[in-house]
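The values are calculated or read from the model by the stated rules, or taken from the named source; none is laboratory data. Keep in mind it's a predicted model, so treat the numbers as computed, not measured. Cβ: placed from backbone, ideal geometry, glycine included. Neighbour counts: every protein chain shown.
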Amino acid sequence: MVPLQVPLVDLRAQYQSLKPEIMAAFAEVLESMHLFLGPKTRAFEQQFAEYCACRYGIGVSSGTEALVLALRACDIGAGDEVITVSNTFIATVEAIALVGARPVFIDVDPQTYLMDWRQLETVCTERTRAILPVHLYGHAAEMGPILEFARARGLRVIEDASQAHGATYQGQRVGSFGDIGCFSLYYSKNLGAFGEAGICTTSDPVLAEKLCMLRDHGSRVRYHHEVIGGNYRLDELQAAVLLLKMPYLEQWNQARQAHAQFYTQRLREVVPQAPEVRSWGTHVYCYYVIQVEQRDTFRKALEDAGIGTNVHYPVPIHLQPACADYGYTRGMLPVTEHAAERIVSLPMYPELTEEQLHLVVETVKQALLIGVTQK
Ligand SMILES: *Cc1c(COP(=O)(O)O)cnc(C)c1O
């Protein structure tokens with residue numbers, strides 16, 4: 001096998017560039033032995049909230065828990081329905097199921113893969129309590145009409161912004177539109193810890209307080225438990241890493257955007273579908289997703305050239321065995337299902353070199369041209 005010349009993501013590259021700072025931050029936390037909800041967590045929460053133009057940031061243990069706690073803070077549970085998309089990572093839907101509510105899926109826009117708000121009306125019932133749009137791959141969902149629909153019916157809006165740290169909709173950063181924004185800070189996201197972490201953003205003081213209690217055993221004062229919460233605190237060592245990485249987020253996103261532009265300009269003519277960016281939003285390219293026919297052959301050709309690819313995601317959530325009880329079958333979300341068979345993610349991370357970008361472009365072109373002549 002050819003050694004990997006361009007991995008899908010290269011987390012070591014970023015670590016190497018920050019190693020001395022990271023080691024110093026770890027040492028500082030360990031010397032203090034203040035290992036949870038300490039000064040690093042508070043500073044990170046504040047900086048991240050400010051970055052999103054929100055009043056509050058509540059650090060939690062993962063993106064999945066951020067979603068669960070957001071739903072709980074909005075009192076969503078048994079008997080409630082939450083409208084979301086099927087073209088997402090399982091965690092979006094797990095969170096809905098874990099609080100006892102029922103996920104209701106609508107399809108996505110075929111070009112952007114984002115929630116098609118035009119379908120909200122068709123699934124909204126008297127049990128609907130919330131809408132959970134996902135800013136998938138790094139592109140902001142079309143929040144205007146989603147919020148309008150929700151406000152007119154008294155529904156909550158919870159954003160899954162786990163792939164879109166810094167992406168904007170009409171000039172405003174995601175995570176600040178709904179009642180609560182939820183971000184994963186998993187190590188391979190645009191802003192990532194060195195383990196598990198997440199954060200909720202909100203400007204509602206009541207929700208902020210509930211989130212703070214829920215993440216820490218339902219208490220405001222230690223050993224006084226007002227509600228049943230749990231242990232979902234952000235780890236102080238992870239907060240130290242995140243705080244240190246925070247100032248780089250914008251430049252990393254810009255690097256991703258430059259790489260994406262490079263790919264798109266050179267591949268648009270050969271790739272059946274390259275990522276689209278809508279005029280109302282920005283894309284921060286957590287993943288660079290194209291569509292190809294004969295995906296397995298395509299991926300094999302790239303693998304042979306030492307280029308990593310992946311599929312985000314090969315099986316839509318509504319067709320997963322875990323979701324069988326919800327009664328969805330193939331054919332019910334045709335856009336999502338069509339895309340799932342063709343999408344493939346190309347290498348994307350800020351530290352990609354020009355040489356690597358060229359190699360990816362040339363290999364993709366070659367793979368697709370061979371594919372065409374074989375047809
Ligand atoms: C990564 C991700 C999550 C889950 O985050 P974890 O931190 O891994 O729990 C949720 N939703 C989406 C869209 C994600 O990409």
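List of remarks:
- Among (1) within 16 Å of the ligand (Cβ to nearest atom); (2) within 22 Å of ASP204 (Cβ to Cβ) - the single one ALA152 does not satisfy: (1)
- The listed residue being under 27 Å from ARG127 (Cα atoms), within 14 Å of the ligand (Cβ to nearest atom) and hydrophobic (A, V, I, L, M, F, W, C), out of VAL157, VAL227, VAL174, VAL206: VAL174
Results for (1) part of a helix (DSSP H, G or I); (2) within 13 Å of GLU159 (Cα to Cα); (3) at pLDDT 95 or above, shown as yes or no for each residue.
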position	(1), (2), (3)
ASP75	no, no, yes
ILE83	no, yes, yes
THR88	no, yes, yes
LEU120	yes, no, yes
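- Any hit, the stretch 219-228, residues being without any contact (Cβ under 8 Å) to a residue 40 or more places away in the chain and among the polar types (S, T, N, Q): yes
- Qualifying position, being within 16 Å of the ligand (Cβ to nearest atom) and crowded, with 24+ Cβ neighbours inside 10 Å, among GLY166, GLY195, GLY138: GLY138
- Subset of the stretch 92-102 (residues that are surrounded by fewer than 24 Cβ atoms within 10 Å (Cβ to Cβ) and part of a helix (DSSP H, G or I)): GLU94, ALA97, LEU98
- Criterion applied to PRO103, PRO133 was being touching a residue at least 40 places away in the same chain (Cβ under 8 Å), within 16 Å of the ligand (Cβ to nearest atom), out of contact with any Asp or Glu (no Cβ under 7 Å at 6 or more places or on another chain) and not acidic (Asp, Glu), and the one residue passing it is PRO103.
- Enumeration of residues in the stretch 26-67 that are without any contact (Cβ under 8 Å) to a residue 60 or more places away in the chain and outside any helix (DSSP H, G or I): MET33
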